[in-house]
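The values are calculated or read from the model by the stated rules, or taken from the named source; none is laboratory data. The shown structure was predicted, so the numbers you read here are calculated from the model rather than taken from an experiment. Reconstructed Cβ throughout: ideal geometry from the backbone, glycine too, with neighbour counts over all protein chains shown. For the accessible areas, the whole protein counts, side chains as well, though only heavy atoms, and no ligand, DNA or RNA atoms are used. Shrake-Rupley method; radii C 1.70, N 1.55, O 1.52, S 1.80 Å.
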Amino acid sequence: MRILVTGYKGFIGQNLVNHLIKKGHTVEGYDFIQSVLPDPSDFDTVIHLGAISSTTETDVEKILDQNYEFSMRMLTMCDHKGVNFQYSSSASVYGPGNDFSENAKCLPKSPYAWSKYLFDRFVTLAGPKNFNCLVQGFRYFNVYGDFEEHKGDQASPVSKFSKQAKENKEITLFENSDQYKRDFIWVGDVCDVHEKFLTIDQSGIFNVGTGTTTSFQEVGELVAEKYGAKIKYIPMPTNLKGQYQEYTCADLTQLNKFVNINYKTVKEYLQNG
């Protein structure tokens, strides 16, 4: 299959391109250039990952331009050409709360989360019958794995703690980290979902997580044990208060109707890579 991946230089993009090539697909990448859109005509599917992924970015106009308006233009072109369209969304659209089904009420708390919610909302309200292509949105939960190095403070706790442990033999956790529980999913499993859906004739928005939770404390302890590091606790920074999700856990009811994934746990990843 011929596939175009936008945002191919990013964390998930690099992993996905490698994964698709190993599966025998022909893949090309696109990196964001203002006012320059890639032509989807020569492809069977566009996988749109390109976005400002920082949850702490405060430039709303920049985020809306690259995350929402650019996504709208890409979808419009794919719809016009009849090219199937996959795109990345985020569990951050759910905000605080414990209902993580795809039809749950969304409460985005950051400009990034709002940009993802607005595009999801457009896709949902338009409905699959109004598109000339498949439109498949994937709400990523907390993705971790290789190629996160460039993300700095935005890297997953798994990668961030591992870097701290290797460099300083000390891991920094927020106070009360045993109470912060997230659905951590290995990037290889995310790539597997994308690849499997290339041959699934179903539009919609799907949660992509494991359906289980691991606390930041547990992650820190696993990393500390692996690298012989100590754990240090600090207060949560002011800029994260109010938008920090204390709990996420994907409801996989919809996803499980179409794919069966043997998810890798954080412990298995840290032990075996």
Identify all residues within the stretch 116-156 that are modelled with pLDDT of 95 or more, in a helix (DSSP H, G or I) and under 15 Å from the mean Cα position of the chain (by Cα); write none if there are none. Lys116, Tyr117, Phe119, Asp120
Of the residues in the stretch 247-264, those that are closer than 25 Å to Asp146 by Cα and surrounded by fewer than 13 Cβ atoms within 10 Å (Cβ to Cβ) number 2
The conditions are (1) in a helix (DSSP H, G or I); (2) open to solvent by less than 40 Å² (accessible area, probe 1.4 Å); (3) in contact with a strand residue (DSSP E or B) (Cβ under 9 Å, 6 or more places away or on another chain), and Met77 fails exactly one of them. Which is it? (2)
Restricting attention to the stretch 1-39, and to residues there that are assigned to a loop (DSSP other than H, G, I, E, B) and open to solvent by 90 Å² or more (accessible area, probe 1.4 Å), which single residue is modelled with the highest pLDDT? Lys23
Subset of the stretch 157-175 (residues that are assigned to a helix (DSSP H, G or I) and among the charged types (D, E, K, R)): Lys160, Lys163, Lys166, Glu167
Check on Gly228, on the phi > 0 side of the Ramachandran plot and touching a residue at least 40 places away in the same chain (Cβ under 8 Å): yes
Can you pull out the residues in the stretch 206-225 that are open to solvent by less than 50 Å² (accessible area, probe 1.4 Å) and either without any contact (Cβ under 8 Å) to a residue 24 or more places away in the chain or of a type outside the set (S, T, N, Q) (or both)? Phe206, Val208, Gly209, Gly211, Phe216, Val219, Gly220, Leu222, Val223, Ala224
Residue satisfying all of: in the stretch 122-143; out of contact with any helix residue (DSSP H, G or I) (no Cβ under 9 Å at 6 or more places or on another chain) and open to solvent by 40 Å² or more (accessible area, probe 1.4 Å); farthest from Leu198 (Cα to Cα) among these: Leu125
Here are Ala51, Ala113: which of them is assigned to a helix (DSSP H, G or I) and of a type in the set (Gly, Ala, Ser)? Ala113
Filtering the stretch 223-258 down to residues that are assigned to a helix (DSSP H, G or I) and within 23 Å of the chain's Cα centre (by Cα), which residue is farthest from Phe174 (Cα to Cα)? Lys257
